[in-house]
Every structure is written in C-alpha cells, then in structure tokens.
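K.L.:
Below is one structure. I have some questions about it.
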Amino acid sequence: MTTPVFAAMGARAVRDGLASKEFSAREIATASLERVSALNGEVHAYLETTEALALVAAARLDAAVASGTLDEIGPLAGVPVAFKDNMNLLGTHTTCSSKMLENYVSPYTATCVERTIAAGGIVLGKLNMDEFAFGSSTETSAFGPTKNPWDLSRVPGGSSGGSAAAVAAGMATITLGSDTGGSIRQPGSFCGTVAVKPTYGVVSRYGVVAFGSSLDQVGPFTRSVEDAAFIMNAIAGHDVRDCTSQVNEVDFTANLGEGVRGMRIGVVPTFMEAPGLTAEVKAKVEESIEHLRQMGAEIVEVELPNAQAAMSAYYVLGPCEAFSNMARFDSVRYGYRAEGCKDLNSQYAASREAGFGPETRRRIMLGSYLLSAGVYDAYYYPAQQVRTLITEDYVRAYEQVDCIIAPVSPRTAFKFGEVSDPTEMYLSDMFTVSINIAGNGGLSMPVGLGADTGLPVGVQLISPAFKDENMLRVAAALETVYGPAPVAPDFAAGKAGE
Ligand code: GLN
C-alpha cells in the first residue's frame, strides 16, 4: 500500500485514519517530514524543521489511540502543522527571516503555537517570511525567497509567503501566519489557500514578534473552510499574557453548513472600480457575487467613503509602530552584534546597519521621521483621525449587511523581481489594509484560476468585528461551488516517494 500524502489531507480524514488505526501518528510525522525534506529545496517554505518535536507530538497521539483517549484531543489530532518564523517555539530558531535574529533561539512558546500543538497538531517546523513581516512577496527574507508552488518563477506573496506555500504544496495541512496589512490574505490569494485574518483580539499575539501592535493579528492557512474553523476554535480566546485578547464564545464550525440564504452581503463599488484591479480578478469577484446571489444571498451596495485613505494612513501608522517595536533589536539585549566598534553608539549603528535589510531600514527611518517633533502633528495625528473615520465607515456598512465581498489583491502572483518599486509593492494591499485599520475580520477564499494568467485568485470576505463566523459561513457556501483548495498541480502527485 502506498503511503498517503498526509499533509495534503484534511483534518477530518487524518483524524478518522488515526482513530481507525489505518495509520499511526508516527507514520504521519515521518512521512510528512520526508516530504518536506524532498520538496523544500524547490519551494523554500521551511527555514527549519522540527523532527524531535514532531516525534514527541506523534508519541502522545499514538499513546492516546492505544488508550482509547483520542477523543480528548479534539479535531486537529495528527494534523501536520507549521508556524511563521515570527512565532516563538521553545528551543527553535525564531529569526523573522532576518540576519538580526539569525542565532536567536526561543526561550518560550507563543500562545497560538502552544494551543495548536495542544490541540493535536504535529509540528513540522518554522516558515519563511518577509523580514520582520515587512513586504508582500517574501523577497525581503534574508535567507532567500519562498517560491510559489503554482509557478516557481513567481512570488508566493507575503509577508507570510512560507505559510501559504507550505499549504499550497501539501507540505503542511495547516499553518499559522500573521497579518498587519494583508500578510495572511494576500499570500493566501496568490497560493490559492483559505487564509483567515480574524478580528483584532480574537487570537493572542503573545510570543509573536511584533510589527504593528495595534494592527497585528494571527490566523491560519488551510485548504478547507472546515479546517480553518477547527484551527480557529483551537487558537481563539483570552490569554492573560495579551491584554488585547478577548474571551471567545463562538464555535467557528457551528454555522458552516447554513448557507447564505437570507444573508445580506455587501459590495463596495469603489473597490470594484479601483484603478489597478485586473480584469481577471474583477471577473472572479463578480462570478462569486453571482453564485452567492443564486444561493439566496441579498447583494447590497455599501459605501466605505474613507477607505481610499487607508493606504496613506497605514503607511504612517505601520512604520511608526514598527519603528518603536524594532528598537529592542539593539545588539545588546537582542540580535546581531557588529564586532570591533569603539563605543556603544557606533555598535548600535553598525549592528543595525548590517543586521537589518533595506526594507526594514526603510520602515525604521520612515517611522522615526514621522514621530519626530513637528512632523508628528502633520502625519501621525491625522492618520489616527483617519483610522477613526474608516472604523466608523465599517460600523455604518454593517448596519446594512452581514458580510462584505471584495477583491483580496488587485492581481495574481507576480514574477520575482517584477515589482521593484516599493510604492508599487505597497499597492498589493490596497484592498486589505483598511480591515487591519478598522480591526475587523477578513479572509481570502480561493475561487479558481484567473482567465488570463491561469493562477489562483482569492476573493475577500470581510466580517463585522467579532462576527468572524459570518465570513466563514459565506466562505463555506462558496466552497460548495469552487471546492476546497487543491494542492498545486506540480506537487499534487507525491514527489517524496509516495
Ligand atoms: N505588505 C504590507 C507591508 O509590507 C503588510 C505586511 C503585513 O501584513 N505584515 O507592510
């Protein structure tokens, strides 16, 4: 009998196979790790694999099967998982894809990671990203980019590019990423996976290296909406170590099968007419709207009049918060230290110059300028006012609708080096940043391939704050039309000897 590609199966199938002793958790761990080592040279999704931890997790699961206590572990039992490299996991490197943290070993574990493993995940390793999560292509990683499994000459998106590519290549069933302005949803759309940015406060950020503390949120990449709901149930909820995390009273799986009949779904005309939105992406969003209409949803036009200012506000607020968060990497408490400096100031300067890549330095310089005396009043203060206006726009829109549908990214995955101007790169997030600014939930749902490029397209579903179950319900309805996300064709057949 050939070994199945465990990391290409859904959580339910993995669990059923374990429960019926069709395979053991140890087999899942060893076959998945073999597959990662066979494929990672091509995709470069993983920066580190965690063989010992995977075997420990598997031993716990096999013991539970043997003693008949698997039910106590829950629906993620045996699922191969992996984490973006800005998430601490005791004893592993947490580099944030930066030379600054190349040798940093986590002394503790992030809450989201701990909960995923407690829920039965078999941890395979840590995943590549844009340096400190600044970027939209994973090209700013100090350790080389991740490649898009659908076309290795193209970027997987970013900053959680490794997390998206690992799921798309069947090198993990579920991965976690973080999203400050689009870093879960945009790579999800480029790699054709389900990718969820929950409402700010749903998932604890404890142990996740901060970029923009008022914007950052952790969320999953999966191939099915059901798996997304399972992992959301595992990671959501209050954590005493993150004061912004909220108590979760929602079962994210509860309404997945309810369909959209009677739901009001909003369409934002200014998003659909935005310059730069490619015809193939627009066509897919329109097609999805039509499917939802046919399934009984009421489609309503809503206005977000201030959303066009979201990019400007984000590129003030994001760098200001990043500047403040990056201050800890001073070569004394953390990080790379340049040798042979004659005093402390020159050590700071030389270490930060050599330890940070160009995009990180750009964000630090921007934030430092924007927060300086005199400049602060002209940029930071108005950006906070714009933030309030955008938040109020969403509150008003959700008086009329239960969920909004929009594009994720204006285009499909681009080629390496194709977008070299930073401002053009920033436009990747034109449809995603306003959601981080307002703090509500957004996800990317794969809806097939674009007519012109033949590459995956995602549509964005946007929930009111703390109503993330609404977007999951709409995503589940779309999944009945488009199916769960496939493993990218070149990786669908086992290349690791399966
Ligand atoms: N691409 C955006 C940026 O570069 C968003 C990144 C993110 O969400 N971490 O800031």
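Coordinate-derived values only; no laboratory data. Values in this document were obtained by computation on a predicted structure and should not be read as measured data. Ideal geometry is used to build each Cβ from the backbone, glycine not excepted, and the neighbour counts take in all protein chains shown.
K.L.:
Which semi-axes, in whole Å and largest first, does the equivalent ellipsoid of the range 267-316 have when worked out from the alpha carbon gyration tensor as the square roots of 5 times its eigenvalues?
P.N.:
Details: eigenvalues 122, 41, 12 Å².
Ellipsoid half-lengths, sorted descending, are 25, 14, 8 Å.
K.L.:
For the range 203-304, what size does the Cα cloud have along each of its three principal axes, sorted from largest down, in whole Å?
P.N.:
43, 34, 26
K.L.:
How high is the relative contact order of the chain? Use alpha-carbon pairs under 8 Å, at least six apart in sequence, and give a whole percent.
P.N.:
Across the chain, relative contact order equals 18 percent.
K.L.:
Taking every DSSP beta bridge that has both residues in the chain, what percent is antiparallel when rounded to the nearest 5?
P.N.:
65
K.L.:
Tally Lys/Arg at +1 and Asp/Glu at -1 over every other residue whose Cβ is under 13 Å from the Cβ of ARG15; what's the total?
P.N.:
-4
K.L.:
Moving to a separate point now. Taking neighbour Cβ counts within 10 Å as the exposure measure, how do MET263, MET272 sort from fewest upward?
P.N.:
Lowest count first: MET272, MET263.
K.L.:
Let me ask something additional. With just the Cα atoms defining each centre, how far is the range 224-270 from the range 421-498? Give it in Å.
P.N.:
15
K.L.:
Full-extension gain between ALA492 and TYR381, please, as 0.36 nm times their residue separation minus the C-alpha to C-alpha distance.
P.N.:
Here the segment from ALA492 to TYR381 would lengthen by 35.0 nm.
K.L.:
Report, by chain and number, residues whose modeled amide H sits under 5 Å from the one on VAL459, excluding near sequence neighbours (fewer than 5 apart, same chain).
P.N.:
MET445, VAL447
K.L.:
Here is a further query. Using square roots of five times the C-alpha gyration tensor eigenvalues, list the equivalent-ellipsoid semi-axes of the range 67-153 in whole Å, biggest first.
P.N.:
Semi-axes, largest first: 28, 17, 9 Å.
K.L.:
How far, in nm, would the chain grow between LEU90 and GLU290 when pulled straight, counting 0.36 nm per residue and subtracting the alpha carbon separation? Don't skip to the end; give the middle numbers.
P.N.:
Details: separation 200, 0.36 × 200 = 72.00 nm, distance 4.73 nm.
Going from the current span to full extension adds 67.3 nm.
K.L.:
Okay, moving on. Tell me the volume per residue, in Å³, of the convex hull enclosing the alpha carbons of the chain. Mind dumping the intermediate values first?
P.N.:
On the way: hull volume 68.6 nm³, N = 498.
Hull volume over Cα atoms, normalised by residue count, gives 138 Å³.
K.L.:
Need the list of lysines near LYS342 for cross-linking: C-alpha distance under 17 angstrom, and skip anything on the same chain fewer than eight residues off.
P.N.:
Excluding near neighbours in sequence, the set is empty.
K.L.:
Give me the number: length gained by fully extending ALA52 to TYR369, i.e. 0.36 nm times residue separation minus the C-alpha to C-alpha distance, one decimal in nm.
P.N.:
109.6 nm
K.L.:
Run the reach check for LYS467 against lysines, Cα to Cα strictly under 19 Å, same-chain hits fewer than 8 apart removed. What comes back?
P.N.:
LYS197
K.L.:
Going Cα to Cα from LYS21, which aspartates and glutamates come in below 20 Å? Please leave out same-chain ones fewer than 8 positions away.
P.N.:
Within the straight-line cut-off, LYS21 pairs with ASP62, ASP71, GLU72, GLU498.
K.L.:
Can you list, bin by bin at 5 Å, the percent of alpha carbon pairs in the range 281-386, starting at 0?
P.N.:
P(r) over the range 281-386, rounded to whole percents: 2, 11, 14, 13, 11, 9, 9, 8, 8, 6, 4, 3, 1, 1, 0.
K.L.:
Something else about it: Taking the convex hull of the Cα atoms, report for the range 63-222 its projected area averaged over all directions, in nm².
P.N.:
Details: hull surface 36.5 nm².
Mean orientational projected area (the range 63-222, Cα hull): 9.1 nm².
K.L.:
Let me spell out the model: positive unit charges on the Cβ of Lys and Arg, negative unit charges on the Cβ of Asp and Glu, origin at the Cα centre of the chain. What dipole size does that give, in debye rounded to 20?
P.N.:
Around 700 debye, computed over the chain.
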